[in-house]
Amino acid sequence: MAGTPGTPGTPRVLRAMNDRAALDLLLEHGPLSRTKIGKLTGLSKPTASQLLARLESAGLVVATGTSEGRPGPNAQLYAVNARAAHVAALDVTPERILAAVADVTGETVGQFALPTPGRRAAESVVVQVTEALDGAVKAAGLVRSDVHRVVVATPGAFDPGTGRLRYASHLPGWHSPTLLDELAAALPMPVEYENDVNLAAVAEQRLGAARGHQDFVLLWNEGGLGAALVINGQLHRGWTGGAGEVGFMPVPGTPLVRRVAKANSGGFQELAGGQAVPRLARELGIQVPAADSYTEEAVALLAEASLAGGGPYRELLQAFATGLATGLASMVALLDPELIVLSGGVLVAGGEPLRALVQSELAELAAPRPRLVIGSVQEQPVLRGALESALATTRDEVFDTSR
């Protein structure tokens, strides 16, 4: 019925739209004056003043200092109230759970790392998650009830039909069909779960190399090899959440891997995963540095190769680039993306020399020719993407003044 609160076109809805536009501008630009907000939104000075008073009364903005260095009286500046909401994110690997808390402006205010090797009992996962979350909350000077939403990043994906974690047999304790219910009972706020590589893509889409791009692939190589697929601006997860599990993909140059779920590997992983780098190095007579994992070995070797310029190290980069381009060619033929982002510690270590070689090889192997770039969110991209995901939903809720 016309006039009902929330009806499109009513004054309440129009005010809420203006409120959200102003809040988004404050998030983008930082503190602004009433006059500047009016200019950026097209609102009159009286309407901008009413808007700011309304948002200040709702606890969504705060007065913060005054403008300086201009003729005339200094103008009052306004900013988003950072304490209006907080979100948390957890990045889960077999080795540790990394947790962080951010305020509504996106600033990380607390972080905590929980080592997890050897803690394998299924019932201990809830304990681990709550311990990691509480560690980050405490570091932020908050309590658990201050957190509006949590996003948990894991390898693989939780099957929407069964609730079981799939494609991640290397993550012990996370495969119980009742785990999500147990976590929901233990935590008082909404909890969402997302694939770790998908969240790295969210970070690049909102903060990094994929900003402004609606169709792109993020290829991730850090321990495991995976991909995130963004189509028309949205993550494509597939029927069971397994879209992008490209490490299992059969490719030329490697034997077929049977029962890939049990093996937790596949042709592309064997050809161009992190473990391929030390193997190729040995074949070329390059000494492999001592490290705790093949991922660390790969990172050290590729970092050295990216600086060497020639000789066996150049051959190492070329061989690895060919393997990467072999798998990417199949993905490009199917998806025809605008952009490919190379991310994860192994690919970042190879840097621009590796990127250029993969670009050249891919041009020979695939008809479409997407541009390749190195990911620019290189510090904790999965955790950053999880925070961005949590912030997007929380801002939609907290910044909605139409209710």
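The values are calculated or read from the model by the stated rules, or taken from the named source; none is laboratory data. Computed from a predicted structure; not experimentally measured. Using ideal geometry, Cβ is built from the backbone for each residue, glycine included, and neighbour counts are taken over all protein chains shown. Accessible surface areas use protein heavy atoms only, side chains included; no ligands, DNA or RNA. Shrake-Rupley method; radii C 1.70, N 1.55, O 1.52, S 1.80 Å.
Could you list which residues have their amide H under 5 Å from that of R149, counting only those 5 or more apart in sequence or on another chain, with H placed in the peptide plane?
Placed amide hydrogens put A88 under 5 Å from R149.
If one takes the longest principal axis of the Cα atoms in the chain, at what angle in degrees, from 0 to 90 and to the nearest 10, does the Cα axis of helix 11-29 lie?
50
What is the range 125-171 by shape, rounded, prolate or oblate, if you read a ≥ b ≥ c off the alpha carbon gyration tensor as root eigenvalues and call it rounded for a/c under 1.5, prolate for a/b larger than b/c, and oblate otherwise?
Prolate, since a/c reaches 1.5 and a/b exceeds b/c.
Once you put a point 7 Å from the Cα of V288 and another 7 Å from the Cα of T47, both along the Cβ direction, what distance in nm separates them?
Computed distance between label sites V288 and T47 equals 6.6 nm.
Give me, ordered by chain and number, the residues 5 or more places off A75 or on other chains with an amide H under 5 Å from its own placed amide H.
Amide H neighbours of A75, under 5 Å, 5+ apart: S67.
Largest first, how would M17, M189, M249 line up by accessible area (1.4 Å probe)?
M17, M249, M189
Semi-axes, largest first, in whole Å: what does sqrt of 5 times each Cα gyration tensor eigenvalue give for the range 142-213?
24, 19, 9
Would you mind counting up the charge near V109? Only other residues with Cβ under 10 Å from its Cβ, with Lys and Arg at +1 and Asp and Glu at -1.
-1
Calculate one ³J(HN,Hα) per residue across the range 377-393 by plugging θ = phi - 60° into the Karplus curve 6.51 cos²θ - 1.76 cosθ + 1.60, and present them in order as whole Hz with x for glycine and proline.
3J(HN,Hα) across the range 377-393, in whole Hz: 8, 9, 9, 6, x, 5, 4, 5, x, 5, 5, 4, 5, 5, 5, 4, 5.
Over all directions, average the projected area of the Cα convex hull of the range 259-403 and note it in nm².
For the range 259-403, averaging the hull's shadow over all directions gives 12.3 nm².
Given that compact globular proteins tend to follow 2.2 N^0.38 Å, what is the ratio of the alpha-carbon Rg of the range 147-271 to that value?
1.13
Each residue of the range 356-362 in order: what ³J(HN,Hα) in whole Hz does its phi give by Karplus 6.51 cos²θ - 1.76 cosθ + 1.60, θ = phi - 60°, with x for Gly and Pro?
Taking θ as phi minus 60°, the curve returns 5, 5, 5, 4, 5, 5, 5 Hz for the range 356-362.
Given the -39500 (n - 2.57) contribution per DSSP H run of 4+ residues, what per-residue ellipticity at 222 nm results for the chain, rounded to the nearest 500 deg cm²/dmol?
Helix contribution divided over all residues of the chain: -13500 deg cm²/dmol.
What net charge do the residues around P190 carry, taking every other residue with its C-beta under 12 Å from that of P190, with Lys and Arg at +1 and Asp and Glu at -1?
My count for the surroundings of P190 gives -1.
Per residue, what volume in Å³ does the Cα convex hull of the range 219-295 take up?
126
Exposed loop sites here are GluC sites (Glu not before Pro) in DSSP loop states with at most 16 other C-beta atoms within 10 Å. What is the longest stretch of the chain lacking them?
In short, 124-337.
Compute the distance from the alpha-carbon center of the range 352-388 to that of the range 102-163, in whole Å.
Measuring centre to centre over Cα atoms gives 28 Å.
Could you give each residue of the range 35-50 its phi-based ³J(HN,Hα) in whole Hz, using Karplus coefficients 6.51, -1.76, 1.60 with θ = phi - 60°, and x for Gly or Pro?
Once θ is set to phi - 60°, the couplings for the range 35-50 become 5, 5, 4, x, 5, 6, 9, x, 8, 5, 4, x, 5, 5, 5, 4 Hz.
What whole number of Å gives the distance from the Cα centroid of the range 191-207 to the Cα centroid of the range 307-347?
Spelled out, the Cα-based centre of one part sits 22 Å from the other.
For the chain, give the share of DSSP beta bridges that are antiparallel, in percent and rounded to the nearest 5; count only bridges with both residues there.
60
Based on the alpha-carbon gyration tensor of the chain and its eigenvalue square roots a ≥ b ≥ c, which shape applies: rounded if a/c is under 1.5, prolate if not and a/b is larger than b/c, or oblate?
Taking the square roots of the gyration eigenvalues as a ≥ b ≥ c, the chain is prolate.
What is the sum of charges around R282, taking Lys and Arg as +1, Asp and Glu as -1, for the other residues whose C-beta is under 15 Å from the C-beta of R282?
-3
List the residues whose amide H sits under 5 Å from the amide H of A210, counting only those 5 or more places along or on another chain, with H placed 1.01 Å from N in the peptide plane.
Sorted by chain and number, the residues that satisfy this are Q205.
Round to the nearest 10 and report in Å² the accessible area of D336, as given by a 1.4 Å probe over the protein chains' heavy atoms.
The accessible area comes out at roughly 100 Å².
When all C-alpha to C-alpha distances in the range 31-185 are sorted into bins of 10 Å, what percent of pairs does each bin hold, rounded to whole numbers?
Using 10 Å bins, I get a P(r) of 10, 29, 22, 15, 14, 8, 1 for the range 31-185.
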